[in-house]
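The values are calculated or read from the model by the stated rules, or taken from the named source; none is laboratory data. The structure displayed is predicted, hence computed values, not measured ones. Cβ atoms come from the backbone with ideal geometry, glycine included; neighbour counts cover every protein chain shown.
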Ligand code: NAD
């Protein structure tokens, strides 16, 4: 498809408005500064967005608040029907939305479309969930009493997303929050605003059909007018924020100061342990996808290989050979495996990290250079890097959002576990081993301290059915599957006395 046909299919104009309350008539004619979305593939503009100003933000949030008060009265299974139709609308636009994600973020077509598939999958999950928002019942300690808990809609959920999953992260939050009876306010990354506009365009006919303007809201704007306003706004009881740890700290402290709730999905520093008996071919393939996929710009990207010293040299040799085969270039070409980084700043950050790794004693065994791709001379391309390093190097302790893989040797499994956990982040982790003894240790309470711990599977590419998120500086939040829905609702405990007496709890007598 051509860029024009992709944009046309998604109703993206050359200039778009950065605020909407979801329906076709809900578009707000914003007048803020223009934000140009530049493709990292060509360095050329794709289209632009007129950003929202403070009064546009205010208009959106007050409509969202009013919409929530109506929407919470809609039965949950009916809210599920809306999400089912959104899933179907996404199915129809899977190719073009996937292609736009590729154009805007530089990820390869298979990953762009994979991201839309993830949205469809979470829609299906949310539809089922709309009939399963279960609470518990308890036996009361008092005679002729009944106790139970219910889960009620919470309010407006603020969704702040990172550039690297500009569509899927919205769906993890929004589609669950909406079956829970909430309204959502989407604030995407300024590096991927068109994907957000496209999502709103795709769902607008469904919003119109169900007459729920104000339930799916979008605001694209600068930090003062929109970002900070959201964090401080007590009409937004929950802020779900995905991005760097620095951003997460700001969100956590600001939202906590008004005693709001935050759900944080922050940076990772994910490692694969390869034991002496591990299947090296499987480990190699998992490493390749984990470290090079999405040009190392996934929160779950593999950043460290912790490998038994007896097999380290041979493994690194095979890895270098595999890295040499990676086809880097235009992500729209189906043969490409690795596209560009998001922008030239990201490229500079990567080059600085490589320099720091060398300064701190590391050895670059492959790549780590800027790359010029013929026909795409202004794209932000690099060669992925393999660096022999030590876990305690300050640069290894950091998440560099680029394809740099650190190789770290170990002698005993206890040492491997200690190295594994000795970083500030705790998102995803993996071990490649045939030994049940190592597998179980890795997943035990003395094992991996991450939110995700895999055996004979790499660190990246989680399924939507599980709760997704991590510990420590990753922020502690959980999204997507399992019981992650609960954070989008408020819990209420109800006790009902159906008898004729008024016994007090704990056997207290208080009579006059
Ligand atoms: P970023 O922190 O620069 O930006 C993320 C979002 O936060 C953007 O929408 C940005 O505009 C917003 N933001 C930044 N400061 C803000 C503030 N003070 N108030 C309100 N909003 C603010 O991150 P990025 O470069 O877009 O994404 C890369 C990072 O995201 C990496 O660290 C990666 O690991 C992380 N990430 C985590 C997950 C996860 O699920 N754990 C998923 C994807 C990305």
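State whether the residues of the range 149-156 include one that is in contact (Cβ under 8 Å) with a residue 60 or more places away in the chain and within 16 Å of the ligand (Cβ to nearest atom). Can you show your working first?
Step one: filter the range 149-156 for residues in contact (Cβ under 8 Å) with a residue 60 or more places away in the chain, giving 149-156.
Filter once more, keeping what is within 16 Å of the ligand (Cβ to nearest atom): 156.
Scanning the range 149-156 turns up at least one residue that is in contact (Cβ under 8 Å) with a residue 60 or more places away in the chain and within 16 Å of the ligand (Cβ to nearest atom).
Which residues, taken from the range 385-397, are more than 14 Å from residue 355 (Cα to Cα) and either free of Cβ contacts under 8 Å to residues at least 40 places away in the same chain or touching a helix residue (DSSP H, G or I) at 6+ places or on another chain (Cβ under 8 Å) (or both)? Walk me through it before giving the result.
As a first pass, look at the range 385-397 and keep what is more than 14 Å from residue 355 (Cα to Cα): 390-392, 397.
Across the range 385-397, the qualifying residues are 390, 391, 392.
Tell me, yes or no, whether the range 161-184 has at least one residue that is over 29 Å from residue 81 (Cβ atoms), in contact (Cβ under 8 Å) with a residue 24 or more places away in the chain, more than 9 Å from the ligand (Cβ to nearest atom) and surrounded by 24 or more Cβ atoms within 10 Å (Cβ to Cβ). Break it down stepwise before answering.
Restricting attention to the range 161-184, the residues satisfying the condition of being over 29 Å from residue 81 (Cβ atoms) are 162-164.
Filter again for in contact (Cβ under 8 Å) with a residue 24 or more places away in the chain, leaving 162-164.
Remaining after also requiring more than 9 Å from the ligand (Cβ to nearest atom): none.
No, there is no match, as no residue in the range 161-184 is over 29 Å from residue 81 (Cβ atoms), in contact (Cβ under 8 Å) with a residue 24 or more places away in the chain, more than 9 Å from the ligand (Cβ to nearest atom) and surrounded by 24 or more Cβ atoms within 10 Å (Cβ to Cβ).
For the range 237-256, what are the residues that are more than 9 Å from the ligand (Cβ to nearest atom) and either in contact (Cβ under 8 Å) with a residue 12 or more places away in the chain or touching a helix residue (DSSP H, G or I) at 6+ places or on another chain (Cβ under 8 Å) (or both)?
The initial filter retains those residues of the range 237-256 that are more than 9 Å from the ligand (Cβ to nearest atom), namely 237-238, 240, 249, 252-253, 255-256.
Those that are more than 9 Å from the ligand (Cβ to nearest atom) and either in contact (Cβ under 8 Å) with a residue 12 or more places away in the chain or touching a helix residue (DSSP H, G or I) at 6+ places or on another chain (Cβ under 8 Å) (or both): 237, 238, 240, 252, 255.
Among 409, 476, 461, which is the only one that is at pLDDT 95 or above, within 14 Å of the ligand (Cβ to nearest atom) and either assigned to a helix (DSSP H, G or I) or surrounded by fewer than 24 Cβ atoms within 10 Å (Cβ to Cβ) (or both)? Full working, then the answer.
Values: 409 fails: within 14 Å of the ligand (Cβ to nearest atom); 461 fails: at pLDDT 95 or above.
Going through 409, 476, 461 in turn, the sole match is 476.
Have a look at 110, 47, 54 and point out the one that is under 28 Å from residue 382 (Cβ atoms), modelled with pLDDT of 95 or more and surrounded by fewer than 18 Cβ atoms within 10 Å (Cβ to Cβ). Can you show your working first?
Working: 47 fails: surrounded by fewer than 18 Cβ atoms within 10 Å (Cβ to Cβ); 54 fails: under 28 Å from residue 382 (Cβ atoms).
From the options 110, 47, 54, the qualifying one is 110.
May I ask you to verify whether residue 234 is within 10 Å of the ligand (Cβ to nearest atom) and surrounded by fewer than 23 Cβ atoms within 10 Å (Cβ to Cβ)? Working first, answer last.
Numbers: within 10 Å of the ligand (Cβ to nearest atom): no; surrounded by fewer than 23 Cβ atoms within 10 Å (Cβ to Cβ): yes.
No, not satisfied.
Kindly provide the set of residues from the range 418-444 that are assigned to a helix (DSSP H, G or I) and in contact (Cβ under 8 Å) with a residue 40 or more places away in the chain, ordered by number. Walk me through how you get there before you give the answer.
So in the range 418-444, the residues assigned to a helix (DSSP H, G or I) come out as 418-421, 436-443.
Those that are assigned to a helix (DSSP H, G or I) and in contact (Cβ under 8 Å) with a residue 40 or more places away in the chain: 419, 420, 438, 442.
Tell me, which residue of the range 334-343 that is touching a residue at least 40 places away in the same chain (Cβ under 8 Å) and surrounded by fewer than 21 Cβ atoms within 10 Å (Cβ to Cβ) is farthest from residue 371 (Cα to Cα)? I'd like the intermediate steps shown before the answer.
In the first step, residues of the range 334-343 are kept if they are touching a residue at least 40 places away in the same chain (Cβ under 8 Å); the result is 334, 336-343.
Retained after the next criterion (residues that are surrounded by fewer than 21 Cβ atoms within 10 Å (Cβ to Cβ)): 334, 336-337, 343.
Numbers: 334: 20, 336: 15, 337: 15, 343: 13 Å.
It comes out as 334.
Residue check: is residue 269 buried (at least 24 other Cβ atoms within 10 Å of the Cβ) and within 11 Å of the ligand (Cβ to nearest atom)?
Numbers: buried (at least 24 other Cβ atoms within 10 Å of the Cβ): yes; within 11 Å of the ligand (Cβ to nearest atom): yes.
Yes: the conditions hold for residue 269.
Name the residue that is farthest from the ligand (Cβ to nearest atom), counting only residues in the range 479-507 that are assigned to a helix (DSSP H, G or I) and loosely packed, with under 12 Cβ neighbours inside 10 Å. Can you show your working first?
Let us first name the residues in the range 479-507 that are assigned to a helix (DSSP H, G or I), namely 484-488, 505-507.
Restricting the remaining residues to those that are loosely packed, with under 12 Cβ neighbours inside 10 Å gives 505-507.
Numbers: 505: 42, 506: 43, 507: 48 Å.
Per the criteria, the residue is 507.
Please identify the pairs in which a residue from the range 70-96 that is under 15 Å from residue 152 (Cα atoms) has its Cβ atom under 8 Å from the Cβ atom of a residue that is modelled with pLDDT of 95 or more and surrounded by fewer than 19 Cβ atoms within 10 Å (Cβ to Cβ), counting only partners at least 6 apart or on another chain.
The qualifying pairs are 72/152; 76/131; 77/131.
Among the residues of the range 122-142, are any within 16 Å of the ligand (Cβ to nearest atom) and either more than 18 Å from residue 202 (Cα to Cα) or touching a residue at least 40 places away in the same chain (Cβ under 8 Å) (or both)? Before you say what the answer is, go through the steps one by one.
Within the range 122-142, the first condition is being within 16 Å of the ligand (Cβ to nearest atom), and the residues that meet it are 122.
Remaining after also requiring either more than 18 Å from residue 202 (Cα to Cα) or touching a residue at least 40 places away in the same chain (Cβ under 8 Å) (or both): 122.
Checked against the condition, which is being within 16 Å of the ligand (Cβ to nearest atom) and either more than 18 Å from residue 202 (Cα to Cα) or touching a residue at least 40 places away in the same chain (Cβ under 8 Å) (or both), the range 122-142 yields at least one hit.
Identify, by number, the condition in (1) in contact (Cβ under 8 Å) with a residue 60 or more places away in the chain; (2) more than 16 Å from the ligand (Cβ to nearest atom) that residue 118 doesn't meet.
(2)
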